[in-house]
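Q: I have a structure here, written as structure tokens, and I will follow up with some questions on it.
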Amino acid sequence: MLITPHPGAHPDNILQTLHQTYMDAGNASSAGPQTAYQRLLAYLEWATNAARRLRNQISSGDIDRLVLTRRYHALLGACGTLAGSDQQRLVNGLVSQELAEREADLDEAMKAFTEHTQRWQRGCLVIADSSFYLNSPAPLAKTNLHRVLGLPVGDDIRLIFPIVVVDELDGLKEHGKNHARWRAGHTLGVLDEHLRGGTTGTLHPRRLGKTPEDEPVVGEVTVEIVVDQPGHVRLPIDDDEIIDRAVAIKAIAGREVRLLTCDTGQATRGNIAGLKVTKLPHTAGTGDEPPRDGRGSDQPRGTGTRGRRKDRQDAERAEGHDEG
């Protein structure tokens, strides 16, 4: 479950604020003797303060998921009608249930945040989009990521797959053109082989050089899938979603994230977002320029009005050259 940090928020401040919110929820839940209505007001006050405190730390979607839930809005909307003695058991039950669930979700969010932060402190963090897996010079299993990224061979690399990339490759595996379909299937097959049903795995273990002339140590390359948190709404364009996830991972890790792509537009997006971009060349636009409109090739022009007009123009130009 990946929290999306607010732009500019520091990981330490995020974790501290989550912890304070968690402690305040526990205090509200275990407060001394109160009427049900007083407990309701105390819970609503906690939620209001928590949302204000978290506003500059995490995304509004995360705040809704962790604090301002549907039950919060229901209790807030019905607050004026829940002061009677007949509703005390109902109000106590709803408030107790909501605070218990808020504590559990906040605790889970802190554990996941700490786990990701610690795991992403080691190695070069790399996110590649689908264009890299489809158009890089070699398929993933044969790609030397240290060479591609220009890294010392002793460095460790953590290759991260936002789930949107996996979904893109899944779609291309079924509906792409022959080469794209093969590359997508190959990449997913490599993931399956090394993840073994989990979300992290080792693509290449750290190893010693084979000969004295080799580098003494070759760094480890690990792979990891990062799934969307519950309720996450993806951006309409997958390329934008990949950049958004990369920026979130950079904020959680508190360190640089590299973007690998073969796409000019995606490289531009990454540079604007403050990512370090490695763009590989693409074969499109290389070689001799093909003939325009079929001229100079064996491709027929067609028998429609436009085709006949162009044939007539070509014949007139040719006749003019002959007369000259």
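No value in this document is a laboratory result; all are computed from the given coordinates. All figures in this text were calculated on a predicted structure; none of them were measured in a lab. Virtual Cβ from ideal backbone geometry, glycine too; neighbours counted across all protein chains shown.
Q: Being surrounded by fewer than 22 Cβ atoms within 10 Å (Cβ to Cβ) and closer than 23 Å to Lys250 by Cβ narrows it down to one residue among Pro162, Pro139, Pro152; which is it?
A: So the residue among Pro162, Pro139, Pro152 that is surrounded by fewer than 22 Cβ atoms within 10 Å (Cβ to Cβ) and closer than 23 Å to Lys250 by Cβ is Pro152.
Q: What is the residue count in segment 38-63 for residues that are within 19 Å of Gly26 (Cα to Cα) and not β-branched (Val, Ile, Thr)?
A: 16
Q: Next question, about the same structure. Could you pull out the residue among Arg89, Arg52, Arg71, Arg39 that is closer than 23 Å to Asn13 by Cα and not in a loop (DSSP other than H, G, I, E, B)?
A: That would be Arg52, the only listed residue that is closer than 23 Å to Asn13 by Cα and not in a loop (DSSP other than H, G, I, E, B).
Q: Using beta carbons and a limit of 7 Å, which pairs, at least six apart or on different chains, have the first residue in segment 219-230 and among the acidic types (Asp, Glu) and the second one assigned to a strand (DSSP E or B)?
A: Qualifying pairs under 7 Å: Glu220/Thr202; Glu220/His204; Glu224/Arg158; Glu224/Ile160; Glu224/Phe161; Glu224/Thr200.
Q: Assuming His73 fulfils every condition listed in (1) exposed (fewer than 15 other Cβ atoms within 10 Å of the Cβ); (2) under 24 Å from the mean Cα position of the chain (by Cα) apart from one, which condition is it?
A: (2)
Q: May I pose another question? Would you confirm whether or not segment 94-113 contains a residue that is aliphatic (A, V, I, L, M), out of contact with any strand residue (DSSP E or B) (no Cβ under 8 Å at 6 or more places or on another chain), crowded, with 19+ Cβ neighbours inside 10 Å and closer than 14 Å to Leu18 by Cβ?
A: Checking segment 94-113: at least one residue is aliphatic (A, V, I, L, M), out of contact with any strand residue (DSSP E or B) (no Cβ under 8 Å at 6 or more places or on another chain), crowded, with 19+ Cβ neighbours inside 10 Å and closer than 14 Å to Leu18 by Cβ.
Q: Step by step: first the residues of segment 46-66, then only those that are without any contact (Cβ under 8 Å) to a residue 12 or more places away in the chain and more than 22 Å from the chain's Cα centre (by Cα), then the one that is surrounded by the most Cβ atoms within 10 Å (Cβ to Cβ). Which residue is that?
A: Thr48
Q: What is the number of the single condition among (1) assigned to a helix (DSSP H, G or I); (2) touching a helix residue (DSSP H, G or I) at 6+ places or on another chain (Cβ under 8 Å); (3) of a type outside the set (Lys, Arg) that Gly189 does not meet?
A: (2)
Q: Which ones in segment 233-243 are touching a residue at least 60 places away in the same chain (Cβ under 8 Å) and surrounded by fewer than 19 Cβ atoms within 10 Å (Cβ to Cβ)?
A: Hits for segment 233-243 are Val233, Arg234, Asp238.
Q: Give me the residue from segment 128-162 that is under 14 Å from Leu191 (Cα atoms) and part of a strand (DSSP E or B) and, out of that set, farthest from the chain's Cα centre (by Cα).
A: Looking at residues that are under 14 Å from Leu191 (Cα atoms) and part of a strand (DSSP E or B), I get Arg158.
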